[in-house]
Amino acid sequence: MKEMRFTPSAVSVVAGRYTVVAHNAGGLTHTFSLNELGQEITVTPDKTATFEVDLTPGTYRYVCRILDHEGLGMRGVLKVRSK
Ligand SMILES: [Cu+2]
């Protein structure tokens, strides 16, 4: 992530347990938020943060929840397909 985008902005995986690794290459603090799954991490500039998540099949949005970063482009789509 950096201002104001996630790279990649679309991810497709098979259902299962994952460690999400988010690196902030920008100069502002951002979040990686999977709102529907109740998962969120805040990542300060030049830092990397991780969390574990169980992904069941579906389509989920990920966004940055700081100010209007989502509206400015910090959003993406995670597609989880069944095994
Ligand atoms: Cu942000």
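Each value in this text was obtained by applying a stated rule to the coordinates, not by laboratory testing. Because the structure is a prediction, the values reported are computed rather than measured. Methodologically, a virtual Cβ is constructed for each residue, glycine included, from the backbone with ideal geometry; neighbour enumeration extends over all protein chains shown.
Quick notes on this one:
- When segment 31-50 is limited to residues that are in a strand (DSSP E or B) and either closer than 15 Å to Val80 by Cβ or touching a residue at least 60 places away in the same chain (Cβ under 8 Å) (or both), the one that is farthest from the chain's Cα centre (by Cα) turns out to be Gln39.
- Restricting attention to segment 1-10, the residues that are outside any loop (DSSP other than H, G, I, E, B), surrounded by 15 or more Cβ atoms within 10 Å (Cβ to Cβ) and touching a residue at least 60 places away in the same chain (Cβ under 8 Å) total 1.
- Filtered by the rule that a residue be within 12 Å of the ligand (Cβ to nearest atom) and either of a type in the set (A, V, I, L, M, F, W, C) or surrounded by fewer than 17 Cβ atoms within 10 Å (Cβ to Cβ) (or both), segment 27-39 gives Gly27, Leu28, Thr29, Phe32.
- Residue selected from segment 56-77 under the condition free of Cβ contacts under 8 Å to residues at least 40 places away in the same chain and away from the ligand (no atom under 14 Å from the Cβ), by the criterion surrounded by the fewest Cβ atoms within 10 Å (Cβ to Cβ): Thr59
- Matching residues in segment 56-77 - criterion: being part of a strand (DSSP E or B) and closer than 17 Å to Val13 by Cα: Gly58, Thr59, Tyr60, Arg61, Tyr62, Gly76, Val77
- The sole residue among Val53, Val80, Val13, Val20 that is in a strand (DSSP E or B) and surrounded by fewer than 14 Cβ atoms within 10 Å (Cβ to Cβ) is Val13.
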